[in-house]
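The values are calculated or read from the model by the stated rules, or taken from the named source; none is laboratory data. This one's a predicted model, so the numbers in the text were calculated from it and none came from an experiment. Here the Cβ positions follow ideal geometry from the backbone for every residue, glycine too, while neighbour counts run over all protein chains shown. Heads up: the accessible areas ignore ligands, DNA and RNA and are worked out on the full protein's heavy atoms, side chains in. Shrake-Rupley method; radii C 1.70, N 1.55, O 1.52, S 1.80 Å.
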Amino acid sequence: MYGGTVPALENISFNVPAGRFTVIVGPSGCGKTSLLMMLAGLRAQTQGTIQCLGRPIPQPDPLRVGVIFQEASLYPWLTALENIEFPLSLRGTEKKEHRRRAQAMLELVGLSGFGERYPHELSGGMKQRVSIARGLVQDPPVLLMDEPFAALDEQTRMTMGHELLRIWSTTSKTVVFITHSLTEAVYLADEVLVMSARPGRIIDRIHVDLPRPRSYDMMATDVFGRLRDRIWQQIRKSDA
Amino acid sequence: MKIVFARLALLALVLAAWELLPRHGIVNPLLLPPLGDVLAMLGELLQRGQVREALGVSAAEVLLAFVVAVPLGAALGVLIAENDYLGEVFKPMLFIVFAIPKSIFLPMFILVFGTGFQQKVAYAAFTTTFVVLMSAAAAVESVKQDYLLVARSYGATRLQLVSRVYVPSMMPLLLETLRISMIFNFTGVLIAEMYASRTGIGHLIASWGENFQMKQLFAGVVLLAAAAIVFNEAVRFLESRVSAWRT
């Protein structure tokens with residue numbers, strides 16, 4: 001950076017209850033991704049502390065925190081299975097055990113039979129499933145997701161959101177999910193944290209008390225509409 | 001399949017024309033000897049001690065220049081791609097210098113190194129280093145930041161970043177670099193030999209040309225063309241094997 005610096009984030013303070021699905025939503029450029037990078041130990045914050053399961057996270061700790069990126073982050077030179085095994089292969093050497101766990105993850109995300117395909121042979125939605133499997137393979141208690149479905153078309157995006165909830169319900173993971181889609185936020189979340197435009201601050205916490213499992217019908221309900229409107233109003237106010 | 005057939009037909013046509021046109025006097029056989037005569041001459045030349053020795057010298061020059069230029073160029077390329085400060089300082093000048101035809105520096109190499117073995121190696125290595133440097137820098141920059149971020153988030157060490165992300169990601173471009181650098185390297189040695197030398201296959205070809213020995217000249221051309229094509233295709237085959245994932 002040249003010239004003056006603008007703080008990306010300011011006065012951020014929140015906690016994420018274990019086992020819950022928390023969604024952070026905010027306008028583009030509000031520092032959502034910076035925040036997630038800090039939570040993952042990939043970037044150091046200039047001030048303040050971050051604790052995860054009672055300990056600070058000064059550098060990536062894949063056994064505590066798994067990160068799921070956008071679909072484009074799969075390694076194109078590895079097959080789907082090899083991509084899923086990648087985190088394991090950085091540590092252990094038990095190839096058979098890696099293969100078994102990767103295969104199990106592939107099944108969990110509904111892709112058994114596609115393990116030998118390369119990313120360019122998979123659709124956008126399938127790639128994202130592989131990416132989720134890669135994030136889950138080490139079984140970290142906390143999952144961070146940075147706009148994982150942003151590159152997908154609207155329809156696939158909704159299907160993937162639903163899939164994610166299904167997968168999440170079979171685990172007991174704490175999820176922090178970043179998005180700029182209001183519908184996605186309400187559909188997925190137990191709680192939505194709304195961020196303001198830069199410098200990013202948390203300006204609202206919205207509890208989503210829609211029952212689980214969620215279904216697509218809920219999007220048409222008044223409750224859903226009111227929650228989405230409330231987020232939208234908050235973001236608009238902060239942008240003005 | 002049709003395309004392959006058409007390509008082979010084209011090749012056959014060119015070779016047949018080379019054989020028949022001079023043979024029937026449509027093209028002056030003194031300027032372009034028939035293919036059959038050229039191949040017969042090639043067989044004969046390969047028996048001669050003088051030619052074998054020249055080939056040996058040239059091969060040694062090519063090999064040594066390659067061994068010097070590729071690691072040197074690659075190291076410098078990685079350095080300016082990885083170090084932002086060095087990149088900002090050196091890149092503009094390198095781009096400008098890259099545009100200059102390197103052969104105009106040949107007389108300087110003769111002044112410094114004479115007309116022997118060293119001069120050929122030095123000149124070829126000089127021209128090749130530039131190409132390798134530029135391509136290596138481009139190869140490093142082709143590695144997506146996302147790929148590195150993912151690996152870091154899974155706790156990859158620096159060594160693992162290199163071996164598991166940088167190398168496989170750059171492999172197709174690296175092989176391409178190897179292929180193109182060999183073309184430059186080969187050209188460098190031959191130009192230096194043809195310009196001023198008493199040894200090497202380039203020197204022989206130049207003197208056959210000057211003495212109007214067209215059969216020998218074309219035999220030499222066929223031989224070098226074959227060597228270059230074999231190397232090129234071998235690396236291209238490797239390239240297609242490791243870059244099947246590139247779409």
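Worth a mention:
- Every pair of residues 6+ apart whose Cβ atoms lie under 8 Å, when the first sits in the range B:205-218 and is more than 16 Å from B:Ala54 (Cα to Cα) while the second is open to solvent by 20 Å² or more (accessible area, probe 1.4 Å) and hydroxyl-bearing (Ser, Thr, Tyr): none
- Residue in the range A:73-81 that is among the polar types (S, T, N, Q), out of contact with any Cys (no Cβ under 7 Å at 6 or more places or on another chain) and open to solvent by 70 Å² or more (accessible area, probe 1.4 Å) present: no
- Check on B:Val140, open to solvent by 20 Å² or more (accessible area, probe 1.4 Å), modelled with pLDDT under 90 and either touching a Cys at 6+ places or on another chain (Cβ under 7 Å) or part of a helix (DSSP H, G or I) (or both): no
- Test: residue in the range A:168-179 that is out of contact with any Pro (no Cβ under 7 Å at 6 or more places or on another chain) and open to solvent by 50 Å² or more (accessible area, probe 1.4 Å): yes
- Candidate set: the range B:146-185, residues that are over 12 Å from the mean Cα position of the chain (by Cα), of a type in the set (A, V, I, L, M, F, W, C) and within 27 Å of B:Ala65 (Cα to Cα); chosen: the one nearest to the other protein chains (Cβ to nearest Cβ): B:Met171
- Identity of the residue in the range A:94-116, open to solvent by 80 Å² or more (accessible area, probe 1.4 Å) and touching a Leu at 6+ places or on another chain (Cβ under 9 Å), that ends up farthest from A:Trp168 (Cα to Cα): A:Glu94
- Those helices (runs of 4 or more DSSP H) of the range A:6-125 in which 2 or more residues are in contact with a strand residue (DSSP E or B) (Cβ under 9 Å, 6 or more places away or on another chain) and away from every other protein chain (no Cβ under 14 Å) occupy A:32-39.
- Residues (polar (S, T, N, Q) and more than 18 Å from B:Glu141 (Cα to Cα)) located in the range B:169-183: B:Ser181
- Check on A:Ile231, open to solvent by less than 40 Å² (accessible area, probe 1.4 Å) and not acidic (Asp, Glu): yes
- Applying the criterion of at least 3 residues that are buried (at least 20 other Cβ atoms within 10 Å of the Cβ) and modelled with pLDDT of 90 or more to the helices (runs of 4 or more DSSP H) found wholly in the range B:1-83 leaves B:35-47, B:49-82.
- Looking at B:Lys91, B:Lys120, just one residue is touching a residue at least 60 places away in the same chain (Cβ under 8 Å) and either over 16 Å from B:Glu193 (Cα atoms) or not polar (S, T, N, Q) (or both), and that residue is B:Lys120.
- From the list B:Ser181, B:Ser169, the one residue that fits, being touching a residue at least 12 places away in the same chain (Cβ under 8 Å) and under 30 Å from A:Leu63 (Cβ atoms), is B:Ser169.
- Scanning the range B:156-176 for residues that are open to solvent by 30 Å² or more (accessible area, probe 1.4 Å) and farther than 23 Å from B:Val235 by Cβ returns B:Thr157, B:Arg158, B:Leu159, B:Gln160, B:Arg164.
- Number of the condition not met by B:Val235 [criteria: (1) away from every other protein chain (no Cβ under 14 Å); (2) open to solvent by 30 Å² or more (accessible area, probe 1.4 Å); (3) in contact with a Leu (Cβ under 8 Å, 6 or more places away or on another chain)]: (2)
- Residue tally, condition charged (D, E, K, R) and surrounded by fewer than 13 Cβ atoms within 10 Å (Cβ to Cβ), over the range B:205-232: 1
- Hey, A:Gly66 buried (at least 22 other Cβ atoms within 10 Å of the Cβ) and either touching a residue at least 40 places away in the same chain (Cβ under 8 Å) or under 28 Å from A:Ile24 (Cα atoms) (or both) or not: yes
- Some residue of the range B:186-204 being within 14 Å of chain A (Cβ to nearest Cβ) and outside any helix (DSSP H, G or I): no
- Inspection of the range A:203-222 identifies no residue that is touching a residue at least 12 places away in the same chain (Cβ under 8 Å), open to solvent by less than 20 Å² (accessible area, probe 1.4 Å) and touching a Cys at 6+ places or on another chain (Cβ under 7 Å).
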